[in-house]
1. Quote the relative contact order of chain A in percent (integer), defining contacts as alpha-carbon pairs under 8 Å separated by 6+ residues.
2. Give the residue from A:Leu202, A:Trp278, A:Ala290 lying farthest towards the positive end of the charge dipole for the stretch A:145-291; charges sit on Cβ (+1 for Lys and Arg, -1 for Asp and Glu) and the dipole is referred to the Cα centre.
3. Among A:Ser706, A:Leu647, A:His719, whose Cα lies farthest out toward the positive end of the dipole of the stretch A:629-731, if unit charges sit on the beta carbon of Lys, Arg (+1) and Asp, Glu (-1)?
4. Please compute the average number of Cβ atoms from other chains found within 10 Å of each residue's Cβ in peptide A:198-205.
5. Calculate the dipole size of the stretch A:3-96 relative to its Cα centre from +1 charges on Lys and Arg beta carbons and -1 charges on Asp and Glu beta carbons; express the result in debye to the nearest 20.
6. Choose one of B:Leu101, B:Leu78, B:Thr143: the residue whose Cα lies farthest towards the positive end of the charge dipole of chain B (beta-carbon charges +1 Lys, Arg; -1 Asp, Glu; about the Cα centre).
7. Using Cα pairs closer than 8 Å and at least 6 residues apart in sequence, work out the relative contact order for the stretch A:404-549, in percent.
8. Determine, for each peptide in B:31-37, A:144-150, the mean count of other beta carbons within 10 angstrom over its residues, then list the peptides with the highest first.
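Please treat every number below as a calculation from the coordinates, not as lab data. What you are looking at is a predicted structure, and each value in this text was computed from that prediction instead of being measured. Quick reminder, even Gly has a Cβ in these numbers, built from the backbone with ideal geometry, and neighbours come from all protein chains shown.
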Amino acid sequence: MPQVTIDNKSVDVPHGTLIVEAAKQVGIEIPVFCYHPKLQPVGMCRMCLVEVGTPKRGKDGQIERDANGAPVIAWMPKLQTACTTVVSDGMMVRTDTAQVADARRAIIEFLLTSHPLDCPICDKGGECPLQNLTMAYGPGQSRFPVESKFHNEKRVPLGDLIMLDRERCIQCARCVRFQTEIADDPVLGFAARGRGLEIVTLSDPPFDSKFSGNTIDTCPVGALTSRDFRLSARVWEVRDYPSVCAHCSVGCNLWIGERDRTIKRIVPRENEAVNEIWLCDKGRFVHHFATSSERLTQPLIRRNGDLQPATWNQALDLVATRLKEIQQHDPNAVGGLAGDRASNEDLYLFQKLFRRVIGSNNLDHRVGWSAANVGADLIRLYGAGIGTNLGALAHDTTALVLGADPEEEQPVIRLRLARSARVFGATLIVANGRLTKLAKYAKQSVVYRYGGESAFLLGMVRAIIDENLENIEFIRARVANFDAFKTALAPYTVERCAELSGVNADALRNAARAFAKSPDALILYGREAMFAQQNDPAVASGIATLLLITGHVGRANNGLVALYPHNNSTGAFDFGFLPDHGLGRAQVESKGLSAREMTCGKVRALYVMACDPALTSDSLVGTQQGESVRQDGFVKPEFLVVQDLFLTETAKLADVVLPAQSFAEREGTFTNTERRVQLFRAALKPVGEAKPDWWIVAEIGKRLVSGSNLKLETWDYAHALEITEEIAASVPLYKGMTCAALAENVKLPRPRSGQGNPSGEPAQIAMGELENISSGKMWASVAESDASAKFELVWKEPSSQYSVVSNQYVLAVARSLYDGGTLASRTKIVQPRVPAPYVEINSQDAEEIGIANGARVRVSFDARVIQVSARVNGHVPPGVVLMANNLDGTAALPMGARVKIEKV
Amino acid sequence: MLSDNAKSEIQKLLTKYPNPRSAVMPALHLAQREVGWLPDEVIQEIADLVGMSKTEVNSVATFYTMYARARPGAHTLLFCADLPCALRGAEDLLARLERKLGCRAGETTADGKITLHKAECLGGCNHAPVMLIDGVEHVQDLTDEKLDEIVKRLRES
């Protein structure tokens, strides 16, 4: 490792380290503007100039030494940029000389020549690198008269979310580079040059990116500010509370900035293992639901047909009385639906109420979600190993992403997988029935025929076995039934699987080789694969088989990640919100009722927490054998209790409505899609009389157990974290996940790609460590926690059911990041981002129907007809059309249905 | 907006570079030769052809001064603003020319006839001050009278 001496402090650093990073390791901060640890260095701002020298070598190539034996240093005649200069062995750097101080002073003076110095009215003031570095290194006075300043526009909207102040821009290009290198939406650029240079966006809509908010954080001046937060508070008046995002399942860490009992802004909280320093725009801007004027503020009871305000005691007593009446008659006549937005504490108590007090196993969370048990067992057995870091998968790791569209569903995971592939050289195999944005980074992009998922997986398995690439050692030790499996597999040659899945046989073999030969490999499977699994059990067995015969389970960067839709979907599985699974994903003997059954009149009492089945009941539609199965609207049971933030469609039908607190008002834990359990804290005072979900459940529990032989004290909780402790003590998967353990500070390395690595492979070099951060805790899968566990290969015939019929198209259903959901629809600022309903169609098919891009078309299936505009492109293969669910008029689309498309 | 011929020429250009993005500059030149300038539609077409975003192509087209992002007049005047011409009174002449045309350097006359640009050395220092008309006609030893004549001629053409 090269040794560098900076201001007389020596340090050994990895090959390829930049001076600015080496300096940090000896505690020397070199000031920068354009340099950003996550971006490629460009040396544009010149703030980091330092004196650099290297040992002088004589003609013989030997280092020259002075009388004392110390190397003679050849100092470079001019100052060098510390952000672009890579250290070499014996290098000397001086950052504390008069020459360096002069240079810094000159750069600051230069940057400020036309800067408006309007810090008192600038959002960045108080957390502005330009302000800070001017105080630290600037001249204090300018030699340029104020009148000579150039003036530029001060309010240039870059899209709906970001405001540009052209006067404040110092042309560092951090925003442009973020959009190009990290977000990979190159929609910001420089225009013109010199003094006239400005940041522009020419995309339609302007600044068309799901990550635009990050440019506010990376901007080192006040040029880019949030249109949402703009001028609403000074940053030092905002109190930051650590929280976890309440939207998708990535579980990004964030700070809720509170002032005056409202959320002023949300900014990312650094966690290298989850979201690095990024947030998507949904996570950053969609928070207004928490402080919406539509929030429920007090309990409501239906009297004479109307919902009327009541006290908590009246409401809770009524709920307890009615539930008890119905339960005493038949416990199985009581059902519970809980949304996967609720915290682990809420879910745990809710299931405890049902399983221990009411005596019913009628629990489900899959409202507006497919009817299949998508991955409860797979994840318990083969979930990705602890320590898996999706943003730093190395060149010896292969990730198969199956049937997922993380760009829309888990945006930060898309960002991180792209980083793994582009920066660290990980191999991505992206397989789906259509092309997604992620396919761009794939070494191998596979488009199979929808319905051919299992044949695709089996084809990979067969190719691995044909080429003897299976992990024999692992199979011998841990896998049962391999020979029988092989026998069953015999008729399925790679060619046959290729035909069934619509994938080229060589593509199958290449994918199989990459997956099997890779030292580390994992599978991420998303919504489209889960929907396929619902019809085709061979998808689940295919995933398991692929992992088992290659031995890619039970270690970091190996195993399975299920890309679920919501922030606590994993928690809902963990606490057994499935008719056939109990607490801790254990299979149960006596199956309860499913969400679909509970909402069509099979229970007398229904307790609904944090979900809206009446709104989405239509989407309890699945497909079986290509025919869609639908269910008519929500049937109100005899007694309906709804506990939510808003008067939802279901709440409007309820007998009792209980106002719950949003994630910003209470604390608890969420489990993200990697099974990482993370703590979040309260930031706001409760809205009205709203109570946390767990408190409401506990109060009902107390009332139900009073007078019974069940002990009362088990329902007394002072705060949510007492429940967290109870979970840690009583749920095996969460064993030891106490608050202290979850909040434990760890050191996380911040990897960065190395340059000039002699082996030619991208290396990960640490840029120091991130200290005093809790990264949450993942629970261990069986493959990881039990080294002696044996796994059985299960043979399931693959199917290929969505064959193409002439004049009909297979409907693929996607999700749009911004849609008409309960939370997003209550945030005005993102409404322009919600797309109008559309159908994506292949250009070849469009030509046959005679439609052009943007044309209105009529999509019909079953008894439904929807008019939408057509997007003609090459993202969907011929014979397939794609629509996004839950936009205006497109709720409850049945995946895989056959649809007709006609020109309007 | 680009002709099929221009598009196929650009397609050919793409094959000349290891990375097709590298063809953006010759593609812009080609488009400008055909269309006369680079309107938004052309920027979009080139972006699609070379696989860049519209914003990125715009950055290139605005960085280099010889790409025209604004519709030029029927005639373009490049007026040398370099040292030898300046020593022979070019600054004063340029100011007069601007008054005659009613527009500043970098702008186009209201009637859309003439666009005036400052230029660096036009290679005629021994006959300074010099000006280039429409990229082909080199006028030398400029005087106020000569400018009057030229402006009159171009306005009437």
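1. On the way: 2053 pairs, mean separation 118.6, N = 904.
Computed over chain A, the figure is 13 percent.
2. Positive-most Cα among the choices belongs to A:Ala290.
3. Farthest towards the positive end: A:Leu647.
4. Counting other chains' Cβ atoms within 10 Å and averaging over A:198-205 gives 3.
5. On the way: 10 positive and 10 negative charges, 48 e Å.
In debye, rounded to 20, the stretch A:3-96 gives about 240.
6. B:Leu78
7. 30
8. Values: B:31-37: 16.4, A:144-150: 9.7.
Averaged packing, sorted descending, gives the order B:31-37, A:144-150.
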